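The values are calculated or read from the model by the stated rules, or taken from the named source; none is laboratory data. Since the structure is predicted, the reported quantities are computational estimates derived from the model, not experimental observations. A quick note on method: Cβ atoms are made from the backbone with ideal geometry, for glycine too, and the neighbour counts reach across all protein chains shown. Accessible surface is based on the protein model in full, side chains and every heavy atom, while ligands, DNA and RNA are left aside. Shrake-Rupley method; radii C 1.70, N 1.55, O 1.52, S 1.80 Å.
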Amino acid sequence: MNTILSVKDLGIAFGGNKVLDSINFTVGEGEVLGIMGPNGAGKTVLLNIISGILKADHGEIIFQGENILKEKITERTAKGIGRTFQVPRAFEHMSVYENILASVVYGQRVSEKEARKKALEILELVKLDDRANEPAGKLRLINRKRLEIGAALASDPKLLLLDEVAGGLTSAEVAEILDIVKTIKAKGVSIIWIEHIIKTLMEGTDRIMLMAGGKDLITDTPQEVMKSSIVNEVYMGADEDD
Ligand SMILES: Nc1ncnc2c1ncn2[C@@H]1O[C@H](COP(=O)(O)OP(=O)(O)OP(=O)(O)O)[C@@H](O)[C@H]1O
Ligand SMILES: [Mg+2]
């Protein structure tokens, strides 16, 4: 598998608070890499650095063979990095369709006709086509998550960063999000998926990275990660001898 993203020795501190010490991992083309870790582990900060919102103190981000660490958010979007936000953001008074259309127009240089076609394709993919004309502000959580994923797809990303898109949903709703992620993966898009729900990561990812204490503690297949004592140590605060 070719590598689409390679993160090396990434670190960031806020004041004296070293949130990321040294993070190292790769994502393969077409791969879904899950990221788990306790609250405050720096998972969102990591996505913010990859998407260009935050600047790392040290490290490298190689995307498709190029170090993109110095590039602006818009340049990274144009190169193929798309993301969702942990707290869904939408233009509340605009319709679902208008929200997606606005993202497409912002994310790609296409004609109005093409933008409209693209927006409809995305609505279908995230299964919001039957709510196209509803104001985004009236959507319930699952549909806001769908809209958030749709907006991230508007720039036609090669690498999609998902930040807790299944958080707060019922298990039936989580299954619907899993389906959407699988459809996106089937299109060849590489994905980094932060999630707290272990079951979701087990079903929806090819490998999982566990982050804690500013470091990547283990990155392996979901089965191997779950078997590892490191997971227990991180979440239970216990080691093998306890
Ligand atoms: N812009 C910022 N300035 C200062 N501190 C920040 C900033 N962004 C994040 N932090 C701090 O970095 C730490 C990690 O935050 P982050 O949001 O990445 O955690 P997380 O792993 O995503 O947690 P959760 O699972 O709760 O979403 C927290 O202590 C947070 O307060
Ligand atoms: Mg977070």
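Taking only the Cα atoms of region 32-141, the ratio Rg/Rh comes out at 1.02, with Rh defined as the Kirkwood radius. Estimated from helices alone, the mean residue ellipticity of the chain at 222 nm is -11000 deg cm²/dmol (sum of -39500 (n - 2.57) over DSSP H runs with n ≥ 4, per residue). For region 176-237, the dipole from Cβ point charges (+1 on Lys and Arg, -1 on Asp and Glu) about the Cα centre works out to 120 debye, to the nearest 20.
What the phi angles of region 40-52 give under the Karplus curve with 6.51, -1.76 and 1.60, with θ = phi - 60°, is a coupling list of x, 5, x, 5, 5, 4, 4, 5, 5, 6, 5, 7, x Hz, glycine and proline written as x. Of the trypsin sites (Lys or Arg not before Pro) found in region 97-152, those in coil by DSSP whose Cβ has at most 14 other Cβ atoms within 10 Å are ARG109, ARG140. Each listed q (0.18, 0.19, 0.21 Å⁻¹) maps to a log10 I(q)/I(0) for region 78-179, found by the Debye formula over equal Cα scatterers with no solvent: -0.79, -0.88, -1.07.
If you take every DSSP beta bridge whose two residues both sit in the chain, what share of them, in percent to the nearest 5, is antiparallel? Please report the intermediate quantities before stating the final value.
Numbers: 21 of 38 bridges.
Of those bridges, close to 55 percent are antiparallel.
Shape of the chain from its Cα gyration tensor (a ≥ b ≥ c, root eigenvalues): rounded if a/c is under 1.5, otherwise prolate when a/b > b/c, or oblate? Prolate, because a/c is 1.5 or more and a/b exceeds b/c. Protein heavy-atom surface of region 101-199, 1.4 angstrom probe: 52% of the accessible area is carbon and sulfur, with nucleic acids and ligands not counted.
Scan region 63-129 for GluC sites (Glu not before Pro) in coil per DSSP, keeping those whose Cβ has at most 13 other Cβ atoms within 10 Å, and list them by number. Could you put the intermediate results ahead of the total?
Numbers: sites: GLU66, GLU71, GLU75, GLU92, GLU98, GLU112, GLU114, GLU121, GLU124; in loops: GLU71, GLU92.
Here the GluC sites (Glu not before Pro) that fit, given the DSSP loop and packing criteria, are GLU92.
Pairs with C-alpha atoms separated by more than 29 Å, drawn from the list LYS72/LYS199; LYS18/LYS70; LYS18/LYS182, are LYS72/LYS199; LYS18/LYS182.
With all pairs of separate Cα atoms included, region 183-242 yields a Kirkwood hydrodynamic radius of 12.7 Å. For region 1-76, with the dipole built from +1 on Lys and Arg beta-carbon atoms and -1 on Asp and Glu ones, taken about the Cα centre, which of GLY34, ILE53, THR3 lies farthest toward the positive end? Of the candidates, ILE53 comes out farthest on the positive side. From largest to smallest, the equivalent ellipsoid semi-axes obtained for region 1-71 from the alpha-carbon gyration tensor read 21, 15, 9 Å. A straight line joining the Cα centroids of region 35-75 and region 176-218 runs 17 Å. Note on LYS8: aspartates and glutamates with a C-alpha under 14 Å away, same-chain residues under 8 apart excluded, are ASP21, ASP57, GLU60, GLU66, ASP216.
Ligands, DNA and RNA are left out, and with a 1.4 angstrom probe the accessible area of the chain is 49 Å² per residue. Summarising the amide proton neighbourhood of HIS58: residues at separation of 5 or more, or on other chains, whose placed amide H is nearer than 5 Å comprise GLY11.
Once a ≥ b ≥ c are taken as the square roots of the eigenvalues of the Cα gyration tensor of region 101-242, is the result rounded (a/c under 1.5), prolate (a/b larger than b/c) or oblate (a/b not larger than b/c)? Prolate, since a/c reaches 1.5 and a/b exceeds b/c. If you sort the three axes of the alpha carbon gyration tensor as a ≥ b ≥ c, you get a/c of 1.5 or more for region 108-160 and a/b no higher than b/c, which makes it oblate.
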